[in-house]
Every structure is written in C-alpha cells, then in structure tokens.
Amino acid sequence: MANGIWTGSPYQGATGATGATGATGATGATGATGATGATGDTGSAVVISGQQNWSAITGTTPAAGKSWQLLVATGAPARPDTTAAQTGDVVTYTGSAWVNLGKLQGDTGATGATGSAGANGNQTAMTINAQTGTAYTVVAGDIGKLITCNNASAITVTIPTGLGAGFHASIQQLGAGAVTVGAGAGMTRRNRQGHTKTAGQYATAAIILTTATEFLLQGDTAA
C-alpha cells in the first residue's frame, strides 16, 4: 500500500453455489415419415429347384416356414424333395429340408358301382270269373277280374255298396243275353250316354267306382 492506496493483486471471493436446473424445454416436432418398404413376394407359379407348376402359398422363395402346392402335375415333375409329385400335394420348407404335408383336400372318390336293376312288377294274367246264370252280384274279390256272362237270356250284374272307391272290373257278354249293369241299394251308376248294358254279344264294359257309392260304366255299351 502506498500513500493509503492498495497496490497488490485484486481480491477474488469464493465460487458461488450452482444455480437450480432450468425447466425442460418443449418436445420437438415429429420427424418426417420414413420411405415405404419394398413390396413382398408375389404368390404366383414359380420354379423351385428346376421344377415348375408349384404355386406358392406363403411365398416364392424356398425358406423356412413357407409352403408350396403343386397345382398341375404336368409330366409328373418331381417335388423339391425329389419324391414323385401328385397334383394337389403341399410341401413346406423347414430351412434345411422339404416336408411333404400331403393334400389339403383328398382326391374325389371313384364313382360307385351301378346298382342292380329293380325287379319287374308282377305281370299276371287277368283272372276270369265265368258266370252262366241270369243274375250275379259283384264281390270285393272280383277286383281286377273279367266277369264273363254266358246265357241266352238277359242277365243282370249288380254293383253293391262296400266295394270301396277305386274298385274296378270288366264285364263281358259271351252269350245272346245282354248284360244289364245295375246299381245296388245306395249305389249310383254314371254313364255319359245314359247306357245301362252291354251292346251285344262279345261286347265288353268296365266298371270303376269313383267313390264308395258311385260307379262309372264305360266301354261297348247300349241303352
């Protein structure tokens, strides 16, 4: 110090304590979208180990986890595992070997044999009920029969109740006597021309019960 004035080095105090950390700044803006990735494998018919007609199910390059199906066995090409190929077979590559998984769907079975022909229906000759008297009442057992009437005098054939709808029979006049087809009690006879009997010797008429109480007279008939 000279003349009351300090002439030595300036005095420097101790370093102060570190201040508190400032607040976190705002999040920056989102970066630009990255470029689109490369297009994946196309699942189309390809060539594997020189063999064609294999269609990729899960890829076009032999790699673990990818499966392949033979669509058309043209010329019986070999599978990648060199086993004889069959249309529809599926194989998968494990990364070191091909494994045959067989078919996703089995082959269509062969057509079954044609069944034997059914038996022919019974073809039997018409049964004849020959009558020679002048009166006869039809019975249920006459269904489908030919009732022949042979007498020189007039003959009456009666159709009774109880034969049932659908009953049918034929009546033939063999003799000179005409055959009148009469309706029994409770029965009604129907004929388009109002005929009631056979037209003459060798004439044949048919009766058909259309209901339980009505019958149709048709054929070679007369009034």
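A crude spin-label estimate for the pair Thr111 and Ala140, with each label 7 Å from Cα along the Cβ direction, gives 4.9 nm.
With 0.36 nm allotted per residue and the present C-alpha distance subtracted, the Thr180-Thr18 stretch has 43.9 nm of extension available.
On full extension, the segment bounded by Thr161 and Arg190 gains 9.0 nm, given 0.36 nm per residue less the C-alpha separation.
All of the numbers you see were taken from the coordinates with simple rules; none came from a lab. Being a predicted model, the structure only gives us computed values, none of them experimental. All Cβ positions, even for glycine, are placed from backbone atoms using ideal geometry, and neighbour counts span all protein chains on display.
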